[in-house]
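Note sheet for the following structure.
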């Protein structure tokens, strides 16, 4: 070709070959990018549904906590009513007092399996809806915070219930079924543990105060749960819409 004076044609041919290779590489890269983008889009939609499943679990847990809290509020009112009677039954009083804090320490923590999976795998970037990503970050941070506040409220009631300054004998803790079955009557004279002019004015006053304190704490928890349910419904609405687009 050189001898034939066809250098120009040779160069054009070589340049054409190079361009074809470059174009082929660019097309392959573009196809690969499209494939990766398609995979990310599919993965994004999958995670929206996984996140929705976690939020649904949060809602179910909050609903359960609300039911238990409403029960405690009911027992708080029954306790206050019983203590306003002239001769309340000690066994009933101690039962109601215990029920005002029943399951109060049950911890709420949001379900974060899908969100943690996104973060640990470095996939948080696939959530392209920046507003939703911010909403998710705020949701999990706020729900953790609400759970911490709920724990503080619960601890306050539990600390009061187990206050060492109480007269546990006069209050009748020995009549609690799981305590009673552990009392060794071959060693303990249970006659010395029987109620005597229950309640004394001081104990009645203490119990009324404790009943009101627990009512206040359970009312606070009820308010917290209502706020948490609102937050859950907001994020659930958005995720449900995203999940349905699959």
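The values are calculated or read from the model by the stated rules, or taken from the named source; none is laboratory data. Just so you know, these numbers come straight off a predicted model, no measurement behind them. So basically every Cβ, Gly included, is an ideal-geometry build from the backbone, and we count neighbours across all protein chains shown.
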(request) Could you tell me which of the residues 182, 170 is over 30 Å from residue 59 (Cα atoms) and modelled with pLDDT under 90? (result) 170
(request) Return the only residue of 231, 210, 170 being under 30 Å from residue 114 (Cα atoms), surrounded by 17 or more Cβ atoms within 10 Å (Cβ to Cβ), in contact with a helix residue (DSSP H, G or I) (Cβ under 8 Å, 6 or more places away or on another chain) and touching a residue at least 24 places away in the same chain (Cβ under 8 Å). (result) 231
(request) With the condition kept exactly as written, say whether any residue in the stretch 239-246 is in a loop (DSSP other than H, G, I, E, B) and within 30 Å of residue 132 (Cβ to Cβ). (result) yes
(request) Go over the candidates 224, 152 one by one and state the one that is under 26 Å from residue 68 (Cα atoms) and touching a residue at least 40 places away in the same chain (Cβ under 8 Å). (result) 224
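Rundown of residues vs (1) within 29 Å of residue 101 (Cβ to Cβ); (2) modelled with pLDDT of 95 or more; (3) surrounded by 13 or more Cβ atoms within 10 Å (Cβ to Cβ), yes/no style:
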{"residue": "9", "(1), (2), (3)": "no, no, no"}
{"residue": "25", "(1), (2), (3)": "no, no, no"}
{"residue": "59", "(1), (2), (3)": "yes, yes, yes"}
{"residue": "66", "(1), (2), (3)": "yes, yes, yes"}
{"residue": "81", "(1), (2), (3)": "yes, yes, no"}
